[in-house]
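Participant: Sharing a structure here in C-alpha cells format.
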Amino acid sequence: MGIYFLLLVVGFCWAQYNPNTEPGRTSVVHLFEWRWADIALECERYLAPNGFGGVQISPPNENIVITDPWQPWWERYQPISYKLCSRSGNEDEFRDMVTRCNNVGVHIYVDAVINHMCGANAGAGNHATCGSYFNAKTEDFPAVPYSGWDFNDGKCKSRSGDIENYHDISQVRDCRLVSLLDLALEKDYVRSKVAEYMNHLIDIGVAGFRIDAAKHMWPEDVKATLDKLHNLNTIWFSPGSKPFIYQEVIDLGGEPITGSQYFENGRVTEFKYGAKLGTVIRKWNGEKMAYLKNWGEGWGFVPSDRALVFVDNHDNQRGHGAGGASILTFWDARLYKMAVGFMLAHPYGFTRVMSSFRWPRYFENGRDVNDWYGPPSNSDGSTKSVTINADSTCGNDWVCEHRWRQIRNMVIFRNVVDGEPFSNWWDNNSNQVAFGRGNKGFIVFNNDDWQMHVSLQTGLPAGTYCDVISGQKEGNRCTGIQVYVSGDGKANFQISNYAEDPFIAIHVDAKL
C-alpha cells in the first residue's frame, strides 16, 4: 500500500511535465495563426497519419483589433476578454477542431496569454475580435470583468511603469512588458478568472498550455493559478491526467531570473537551444558540429525532462524575443532542415516544430521593418485558408515547414527511436558528425566544405535501408539514397558538400 501511494504521489507531481501525447508520438507543431477549421482538417489528413503528437495553437481568446499597423500578428498577444473568438475562429469552430483532432490522436496545446491585457495606449471602444467594450486608460475590461483593482500599477517601481531593467526581478514581474497592462496575479480574483478561462479550455478537451510571458509573473502566482486547474477531459485522456505546462521563460544566462525558478510548475522553453544550434550550424564564432557531442545539459541547458525545445519560434524567427541573428528559419532552408533534423534525432528535450507564414521581409539598418506583418489575409482582414498544392506543399503564403519531406520524416524518425539511448557518436573534429539511437536509427551530417566518404558503425541490424531525407520507403522501394548495413553494423556514407540536403537518416521502419 505504501509503495503504491508513493507512486501515486510521484505520478501527480510529474504530471505537468508529461506532454500527454499518444504513445509513439513525440513532437508537437506550432500552426502559427492558422484558422481552427484548417487545423481540424490538418489533424485528420496529415498530422495524425504522419505521427505528429499535437498542435500548439495561437491564442484563442478575444484580442484587440489593431489597424496601424494593419492587424499585426502581435495583436493576438493583447487580450480584451477570455471569450473564444479570434481571427482563427469562434467557439463552435474551436470546439470542432479540438474534438476532431483529439479523435485522431492529435492533441491541442493553447498559447495562454495570462500575464497582461492590451497595451496601455489602446484607447477605449469595441475594437476587439468579439466586439467587447473596453477602456485601456481606466483599465476597464467588463467582458471579464477586470477593473483598475486587478492590475499591478501600485507595485511597479520603475519611472515609466514599464520594465526598464531586466536585472531588477520585481520590475520584470510587476511592471508592464512593452506597456501591456500587467495583471495582478497574486490576487485570488485574478487567479480565479484566469483559471476559469483555462478550465473552460480543458473541459472542451485541450491537453495543455504554453504559458506566454511566464518570466514576467512570479512563479508562485503561476503555481497558485495552475493549482486551480481541472484534470483533462476523460473522453480523450486517462482519469487523473493533468494539463501539460510549458512556460515561456527567456533565459539566455546573465539575468537573475532563470528557467529553473519555474520547474515546479512545469517545463520551460529552452531558448539557448535554438540560439546555440544556429551558431553551430552557421559555423559562427569558431563553433563546429563536432562540439555537439555533449549537446543538452552539457551545454548549460535545463534538464532534458524540463525542456521544451525548438529551432525557431514565432518571435525569434522575425527578430523578436531571444537568439538574435543566429536563429535559423525557413528563410535559410538548407541549414534549417539540418538543424531541425539534428533536433529531432537527438534525445534531449520535448520537441516543437515550427509552421510559419511568409511575409515581405525588408531590412533597414539590420532590422526587418515588416516584422509586424500578420498572417496571409483577405482585404476584409480575415485570415486566408491554408490551401494544399498537388505536391503537398501549401499555398496562400503558408510555409508549412512541417510538410517538408525532410522535417516530416524526421518527426517519424523521432517516434521510431523514442526511448533509445544516444549512441555511436562519430566526428571528424570539424563539421562532419554522426550518431545513433540504440539499434533503431542513425543520422549522418556533412556541414563541411568538402566531400564526406566514411565507413561508420551504425548499431543497426544488417540490411538495406532507405534514407528518409533524400526520399522515403514506399512499399518495397526507396525513392532516395539506399544505405547498406553489413553484418557487423557498419555502413559506408558518401555525402557531397553540394548535396541539396547534406545529411542522411535511416531507421528500422525504413528498412527495405
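Just so it is clear, none of the values below were taken in a lab; they were calculated from the coordinates. Given the structure is predicted, the values throughout are model-derived calculations rather than measurements. Note: ideal-geometry Cβ built from the backbone for every residue, glycine included; neighbour counts use all protein chains shown.
Participant: Decide, for the chain, between rounded, prolate and oblate: order the square roots of the alpha carbon gyration tensor eigenvalues as a ≥ b ≥ c, take rounded if a/c falls under 1.5, and otherwise choose prolate if a/b is larger than b/c, else oblate.
Facilitator: Prolate, because a/c is 1.5 or more and a/b exceeds b/c.
Participant: Run through the DSSP bridge list for the chain and note the antiparallel percent, rounded to the nearest 5. All intermediate terms of the calculation are to be shown ahead of the outcome.
Facilitator: Details: 43 of 70 bridges.
Restricted to the chain, the bridges split so that about 60 percent are antiparallel.
Participant: Going by amide H atoms built from the backbone, whose H comes under 5 Å of the H on D111, apart from near neighbours?
Facilitator: Under 5 Å from the amide H of D111 lie the amide H atoms of I57, R210, each far enough along the sequence or on another chain.
Participant: Give the aspartates and glutamates reachable from K283 as a straight Cα distance under 19 Å; neighbours fewer than 8 places away on the same chain don't count.
Facilitator: D312, D332, D427, D448, D449, E500, D501
Participant: I've got another one for you. Leaving out same-chain residues fewer than 8 places away, which lysines sit with a Cα under 19 Å from that of K473?
Facilitator: K440, K511
Participant: Mind listing the phi-derived Karplus ³J(HN,Hα) values for region 81-87, rounded to whole Hz, using 6.51, -1.76 and 1.60 with θ = phi - 60°, and x for any glycine or proline?
Facilitator: Each residue's phi maps through the Karplus curve to give 7, 9, 5, 8, 8, 8, 6 Hz.
Participant: While we're here: Calculate the dipole size of region 422-510 relative to its Cα centre from +1 charges on Lys and Arg beta carbons and -1 charges on Asp and Glu beta carbons; express the result in debye to the nearest 20. The partial results should precede the final answer.
Facilitator: Details: 5 positive and 9 negative charges, 71 e Å.
Here the size comes out at about 340 debye.
Participant: Mind pulling the angle between the C-alpha long axis of helix 188-204 and the longest principal axis of the chain? Nearest 10 degrees, somewhere in 0 to 90.
Facilitator: 50
Participant: Could you let me know the centre-to-centre spacing of region 350-415 and region 80-95, using Cα atoms, in angstrom?
Facilitator: Cα centroid of region 350-415 versus Cα centroid of region 80-95: 22 Å apart.
Participant: Projecting each Cα onto the charge dipole of region 53-202 (Lys/Arg +1, Asp/Glu -1 at the beta carbon, about the Cα centre), which of V98, Q71, N152 comes out farthest on the positive side?
Facilitator: Value: V98.
Participant: Hey, if you put +1 on the Cβ of every Lys and Arg and -1 on every Asp and Glu Cβ in the chain, which of G89, P360, G441 ends up farthest toward the positive end of that dipole?
Facilitator: Selected residue: G441.
Participant: Which of the three applies to region 256-320, rounded, prolate or oblate, going by the alpha-carbon gyration tensor with a ≥ b ≥ c and a/c under 1.5 meaning rounded? Display every interim value, and only then the final one.
Facilitator: Details: a/c = 2.34, a/b = 1.39, b/c = 1.69.
Taking the square roots of the gyration eigenvalues as a ≥ b ≥ c, region 256-320 is oblate.
Participant: Under 19 Å from the Cα of K155, which lysines turn up, not counting those fewer than eight places away in the same chain?
Facilitator: K137, K187, K215
Participant: Please give the peptides 422-429, 140-147 ranked by average Cβ packing (other Cβ atoms within 10 Å per residue), highest first, as a rough proxy for protection.
Facilitator: Going by the mean number of other Cβ atoms within 10 Å, highest first, we get 140-147, 422-429.
Participant: Turning to a different aspect of this structure: Under the classification rounded if a/c is under 1.5, otherwise prolate if a/b is larger than b/c and oblate if not, where does region 422-510 fall, given a ≥ b ≥ c as square roots of the Cα gyration tensor eigenvalues?
Facilitator: Values: a/c = 1.94, a/b = 1.21, b/c = 1.61.
Judged from the Cα gyration tensor, region 422-510 comes out oblate (a/c at least 1.5, b/c at or above a/b).
Participant: Okay, moving on. Add -39500 (n - 2.57) for each DSSP H run of 4 or more in the chain, then divide by its residues: what number comes out at 222 nm, to the nearest 500 deg cm²/dmol? All intermediate terms of the calculation are to be shown ahead of the outcome.
Facilitator: Details: 9 runs with 101 residues, N = 512.
That calculation yields -6000 deg cm²/dmol at 222 nm.
Participant: If you don't mind, there's one more thing I want to ask. Would you be so kind as to identify which of N233, G274, P256 lies farthest towards the positive end of the dipole of region 228-284, taking Lys and Arg as +1 and Asp and Glu as -1 on Cβ and the Cα centre as origin?
Facilitator: G274
Participant: Using alpha-carbon positions, what is the distance between the centroids of region 240-297 and region 311-339, in Å?
Facilitator: Spelled out, the Cα-based centre of one part sits 14 Å from the other.
Participant: Right, next: In whole Hz and in residue order, list the ³J(HN,Hα) couplings for region 229-238 that follow from phi through the Karplus curve 6.51 cos²θ - 1.76 cosθ + 1.60, θ = phi - 60°; x for Gly and Pro.
Facilitator: 7, 6, 6, 5, 5, 6, 4, 10, 10, 5
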